[in-house]
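The values are calculated or read from the model by the stated rules, or taken from the named source; none is laboratory data. Computed from a predicted model, the values in this text were never measured in an experiment. Neighbour counts run over all protein chains shown; Cβ positions are idealised from the backbone, glycine included.
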Amino acid sequence: MLNFSTLLPPGHQILAANEYESVLVVLSYLIASAAGYTALAMADWVTNSRSRRGSELAKLIGAIALGGGIWSMHFLAMLSFKIGIHVHYAPWQTLASLLIAIAVSYTVMHLIGRESLTAPQYLLAALAAGLGIATMHYTGMLAMQSVAVQLYDPLLVVVSVMIASLASLGALLLAFRLRGRTGIRTFWLRLLGSLALGFAIVSMHFTGMAALTLAVPIGFEPDGLAEVNQHLELGMGIALGTLFIIMVGLLAAWAGERFHAQRLRLERVSTTLDQITLHDPLTHLLNGGSFIQTVDRAIGQARTGEQFALLMLDIDHFKRINDSLGHALGDELLIQMAQRIRAVLDNDLPLARYAGDEFSLLLPLGQRGDSQPLAMRLLEQLRPPFELAGQRIAMTFSLGIAHYPQDGANAGQLLRSAGLAVGHCKRSGRNRSQRFTTELQRDADDLLSLEMDLRHALSQGGLHVAYQPIVDPAGAPVALEALVRWQHPVLGPLSPERFVRVAEETGLIADLDGWVMRQACADLAQLHREGHAALRVSVNCSALNLSDRLLPQAIARTLQAEDLPASALILEVTENALMHSLNVAVEVLNEIRTLGVRVSIDDFGSGYSSLAYLSRLPVDSLKVDRAFVRTIPKQSNDMAIAAAIIAMAHKLGLNVVAEGVETVEQRQFLQANDCNFMQGYLFGRPMPLPHLRTWLQQSAIASVPA
């Protein structure tokens, strides 16, 4: 200890005073600890606040609570000092010490709000905070006004600064360790840390007080009993006021922590929702909506001349997997497909399950680039069989490619162009890639235009039915084939192959087939009333309609509406139509034959021509394809095939109709081979109903014996 006797002012003596009011000492410690807890709690608010205003508010509240608590502790500790003399405090110096405490605390809160501190930064910050707290302390000490003169031990002053600095270092380390953490363990760590911090602050204060020695005039008699009670009352008032401020800070910290916890929960929910809304839940790839956003964003950020390729992959005959193996294994196929595609791509390339069994990806091409190598790698990657429920199943894929900016200016246009290219792949045999071309767009536009015109024609009566006679070997008419015709208002007469394909691709085929059947039955009923009661009519049935289990009911309603016997109607189906969905087709045809309607296989010999299937099919007759009739008598092979088909059909109990008969030689050959019926230009071309009436009259006249 320093010997102050040599430093005493003339006429002064050292005042012996080393007693403290215990109540105020305990209060000062509790306030310092509470202030430390508030500061540690506010550190989370400072760190987690998303707005600058919120962060500054948290710093200010924390600084007021911590600085006010330290200053209150300091002031209470001074009031607890029993010196036995009358003391009053200079207001401006007292206020200055409070402002210093708040300023130092604000600096500490600001440092806590940073991402991190280096070791030298920790030490410098702790030293600066320690000096600031010591400055607050000794400024407050100088505010004490009395007859006594203050003398300080420099060594203890330095020790007090070191204690304040170490306390500040501990507070910084603890705040950085605990921020962002929640739970009961964090609460107890924060509480223990605040108690230790309060003890360090109190220790610093009383070390500073120990550095103080008071010198009073010689002969001065201390008498401070009245001041003790006055100081106790004042100290209690300051303590309660400070505790109120600290409680407000704690309440704010609690509210901030609750707000932060709620925000974290909302962010987790938002992240989950983002996963749901932006990603496909099955493959975890981007979904269609987020892929469109990604493509548009990439295009918006593209430099001049930069190109992209959008590739769209579609599984060929994916419905077959779902129908035969079930949707669960269909989903497993999609997952494996996504994994194989991702294995070929760089991780940063956007890949999406765009819809159903369609996958899309965006490939940057730079200034110049070719998408075909990647397209080939993708198809090669998908070529090996997939393992599904212990089975090795090989699949094929159709891949369409569209380039930016040539094939589209945005995601929607590029996806449409790539989709058109995929459609062309499927029509061209599948298992291939296709780059978009303007011809594909033109075909799509034509298809859309024809679809709209066909819808209008179906609803407004723009179609008509032509009838081609079917005759027996003697040339007498026994039936009529109903053939739909369309006189387009702009394009003129269109071939049935063209607009029937449009109807099948656009979902209009059921309406088209239904309209033809109703019109044919209505016309046949009229012919029956006109005296041609023996005539039957045959109508064609599309492959898509043959899988419709409601088709027998529709046929029955049509026959009933026209009061026609079921035997008057013949339903013509192609071999390929039967193979489209064989099991369902057999069931539907059995129901149709149960009605009494006859069934005929059209164009026999041009499709599968499988005897195994033929034995299963519920049919009444075959129509030999015109390809085998047209070359008679020039091609002996075709003649042999035609004869064999007729003989085989008879063995199976089926009648035979030969199509495309145009010459007498062909007729004679068919008659010689016992062909039941014939149809072709030799007997009559397809004709509208009025012309058919005339033809029937002429045929009746020609058949009357002379």
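Considering LEU546, LEU569, LEU494, the condition of being within 21 Å of LYS319 (Cα to Cα) and either of a type in the set (A, V, I, L, M, F, W, C) or over 46 Å from the mean Cα position of the chain (by Cα) (or both) is satisfied by LEU546 alone.
Determine, yes or no, whether SER433 is over 17 Å from ILE321 (Cβ atoms) and under 28 Å from the mean Cα position of the chain (by Cα). Yes, satisfied.
Looking across region 278-300 at every residue that is without any contact (Cβ under 8 Å) to a residue 60 or more places away in the chain and closer than 30 Å to ALA389 by Cβ, the one that is surrounded by the fewest Cβ atoms within 10 Å (Cβ to Cβ) is identified as PRO281. Checked against (1) at pLDDT below 90; (2) over 39 Å from the mean Cα position of the chain (by Cα); (3) farther than 25 Å from LYS623 by Cα; (4) exposed (fewer than 14 other Cβ atoms within 10 Å of the Cβ), GLY462 meets all criteria but (4). Residue check: is ARG455 in the same structural domain as GLN372 (by TED's automatic domain parsing), of a type outside the set (Val, Ile, Thr) and under 40 Å from the mean Cα position of the chain (by Cα)? In short, no. Closer than 21 Å to VAL573 by Cβ and either in contact (Cβ under 8 Å) with a residue 40 or more places away in the chain or small (Gly, Ala, Ser) (or both): is that true of LEU483 in this structure? Yes: the conditions hold for LEU483. Considering the conditions (1) touching a strand residue (DSSP E or B) at 6+ places or on another chain (Cβ under 9 Å); (2) more than 15 Å from ARG598 (Cβ to Cβ), ALA520 is excluded by exactly one of them, (2). Yes or no: region 494-502 includes at least one residue that is surrounded by fewer than 22 Cβ atoms within 10 Å (Cβ to Cβ) and either within 25 Å of VAL656 (Cα to Cα) or modelled with pLDDT of 90 or more (or both). Yes, that holds for at least one residue. So THR594 passes all but one of these: (1) surrounded by 13 or more Cβ atoms within 10 Å (Cβ to Cβ); (2) at pLDDT 90 or above. Which condition number does it fail? If we test THR594 against (1) surrounded by 13 or more Cβ atoms within 10 Å (Cβ to Cβ); (2) at pLDDT 90 or above, just (1) comes out false. Looking at region 477-547, the strands (runs of 3 or more DSSP E) lying wholly inside it that each contain 1 or more residues that are over 24 Å from LYS623 (Cα atoms) sit at 477-488, 492-494.
Check region 132-149 and report whether any residue there is surrounded by 18 or more Cβ atoms within 10 Å (Cβ to Cβ), at pLDDT below 65, under 60 Å from the mean Cα position of the chain (by Cα) and within 30 Å of THR118 (Cβ to Cβ). No: zero hits. Residues that are small (Gly, Ala, Ser) and either assigned to a helix (DSSP H, G or I) or touching a helix residue (DSSP H, G or I) at 6+ places or on another chain (Cβ under 6 Å) (or both) were ranked within region 334-359; the one that is surrounded by the fewest Cβ atoms within 10 Å (Cβ to Cβ) is ALA343. Of all residues in region 301-316, exactly one satisfies the criterion of being modelled with pLDDT of 85 or more and surrounded by fewer than 15 Cβ atoms within 10 Å (Cβ to Cβ), namely GLN301.
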